[in-house]
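This report refers to the structure that appears directly beneath it.
Nothing in this text is a laboratory measurement; each read-out follows from the coordinates by a stated rule. Remember, it's a predicted structure, so these values are computed and weren't measured experimentally. Cβ: placed from backbone, ideal geometry, glycine included. Neighbour counts: every protein chain shown.
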Amino acid sequence: MPKQAITSTKGVLIIVGGPQYRVGSHRQFTLLARHLAAKGIPVMRFDTRGMGDSEGEIRTFEEIDEDLNCAINQFFLEISSLQEIVIWGLCDAATAALFYAHHDKRVTGLVLLNPWVRTEYSVVKTYLKHYYYNRFTDRELWKKVYSGDFNYIATIRPLLRLIYNSLINKNKPISFKQNISNQITNDSPLPERMFNGLNRFKGKVLLITCGDDFTAQEFMDLIKESKKWQKLLESSSTEQFHLPNANHTFSRREWRDQVFNWTYDWIKSW
């Protein structure tokens, strides 16, 4: 929409989760931007270094703080009415937003979809709980076993590999029974750094998760097992929504539209 028509003081910066560029899966980011812009909310999509139209060396989601700061600076230059920014991110982009937001006072809101919280331990646990349990209780599987049409090697080998990787990995499951240390470093486990980022952020948070996705399940399992995470997300500044049948990228139109509407309503509510 024309710049002169924009009077909103609140803008939305969409972070792209890798590896992809600013259009997003199923043109998701483009459609979200158009949806919000049509309602008077300015939106900025951009490619981080090494992706899409941006030059430079490609970086992981843990290394894009400078990119976010640069994008926000430019956003403010382009839209004179802006006073605050909401960062919208899916998967590892949501995690990147948690790392960055508390450093920048211009960021007053976060929309986090299926945050990436993966460790070797969580991969094993999630697959055992949400894939192999369902697999071994599937009638069709046992029909194949009884008929002799079951490939034991193809089924058991990935399971054994997951368990082996978990045993040799140095990262241990995170315990939040003790106070989290203020001395968080880049070497700290990912869930611990995410907790630290969210705990230090003083703005509003919208958390959206789905049911048909291992990434979302890993994050929700972490919350279920941690009273500190539960307490943090029960804050009045946090609102949560869940789409039980949706997949990771909310690919169906009904799921996508629901996410868009939740995002807009939440932004307008404060």
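Each residue, residue 251 and residue 265, gets one label point 7 Å from its Cα in the Cβ direction; the gap between the two is 2.6 nm. Computed extension length for residue 73-residue 221: 49.6 nm, one decimal, from 0.36 nm per residue of separation with the Cα-Cα distance subtracted. Once the other residues with Cβ under 14 Å from the Cβ of residue 95 are scored (Lys, Arg +1; Asp, Glu -1), what is the net sum? After counting each charged neighbour, the total is -3.
The three principal axes of the Cα atoms in region 1-72 give end-to-end lengths of 37, 27, 18 Å, sorted in falling order.
From the cross-link list 10/224; 202/231; 228/268; 10/228; 105/224; 224/268, which pairs have alpha carbons spaced over 24 Å apart? Too far apart for the 24 Å limit: 10/224; 228/268; 10/228; 105/224; 224/268. Scalar couplings 3J(HN,Hα) for region 88-103, obtained by applying the Karplus form with A = 6.51, B = -1.76, C = 1.60 to θ = phi - 60°, are 10, x, 10, 6, 5, 5, 5, 5, 4, 5, 5, 5, 8, 3, 6, 8 Hz; x denotes Gly and Pro.
Remark: spin-label model distance residue 30-residue 192 equals 4.3 nm, labels positioned 7 Å along the Cα→Cβ axis. In this label model, residue 21 and residue 185 are separated by 3.8 nm, measuring between points 7 Å along each Cα→Cβ vector.
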